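None of the figures in this text is laboratory data; all of them are computed from the coordinates on show. Just so it is clear, the structure is predicted and the values come from calculations on it, not from any experiment. Note that we place each Cβ from the backbone using ideal geometry, even for glycine, and neighbour counts take in every protein chain shown.
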Amino acid sequence: MEQKVAKAKLSYARISSRKVKVVIDLIRNKSVGEALAVLKFTPKAAAELVEKLLKSAIANAENNHEMDVEKLYVAEIYATQGPTLKRIRPRAQGRAFRIRKRTSHITVVLKEKN
């Protein structure tokens with residue numbers, strides 16, 4: 001029997017993947033209830049984005065794949081680097097420094113525990 005999976009992806013999130021990875025490492029392989037609780041009390045900017053994405057994945061599992069929300073857990077979660085927006089910061093004596101505004105793609109995969 002093929003195991004059902006529910007996915008959700010956030011593309012071009014305006015936060016570096018390095019900052020997101022700190023938060024997603026906290027919830028990997030946890031049940032969705034526990035993961036949501038951890039994210040709610042994590043004081044990082046990425047926690048809010050990941051929480052919203054996790055809720056979306058839960059809704060996908062429930063509505064599109066008829067999965068039981070009580071049995072769901074975070075099977076996979078990863079953040080990859082997206083394109084970098086390059087901006088210019090004026091500096092003294094006519095120089096210009098480059099500012100890199102990094103983006104990331106975050107993916108959540110949920111599965112049911114047997």
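Gln93 passes all but one of (1) outside any strand (DSSP E or B); (2) free of Cβ contacts under 8 Å to residues at least 40 places away in the same chain; (3) over 11 Å from the mean Cα position of the chain (by Cα); (4) at negative phi; which number fails?
Gln93 satisfies every listed condition except (4).
Go through (1) surrounded by fewer than 16 Cβ atoms within 10 Å (Cβ to Cβ); (2) under 19 Å from Ala6 (Cα atoms); (3) not basic (Lys, Arg) and name the single condition Phe41 misses.
For Phe41, the failing item is (2).
Give the residues of the stretch 45-66 that are surrounded by 16 or more Cβ atoms within 10 Å (Cβ to Cβ), more than 13 Å from the chain's Cα centre (by Cα) and not hydrophobic (A, V, I, L, M, F, W, C), sorted by residue number.
Within the stretch 45-66, Asn60 is the sole residue that qualifies.
Quickly run through the stretch 49-69 and pick out the residues that are closer than 21 Å to Leu39 by Cα and aliphatic (A, V, I, L, M).
Those that are closer than 21 Å to Leu39 by Cα and aliphatic (A, V, I, L, M): Leu49, Val50, Leu53, Leu54, Ala57, Ile58, Ala59, Ala61, Val69.
Tell me which of these Ile77 doesn't satisfy, since it passes every other one: (1) under 10 Å from Leu110 (Cβ atoms); (2) in a helix (DSSP H, G or I); (3) within 14 Å of the chain's Cα centre (by Cα); (4) of a type outside the set (D, E, K, R).
(2)
Out of (1) in contact with a Lys or Arg (Cβ under 7 Å, 6 or more places away or on another chain); (2) charged (D, E, K, R); (3) in a helix (DSSP H, G or I), the odd one out for Arg100 is which?
Among (1) in contact with a Lys or Arg (Cβ under 7 Å, 6 or more places away or on another chain); (2) charged (D, E, K, R); (3) in a helix (DSSP H, G or I), the lone unmet condition for Arg100 is (3).
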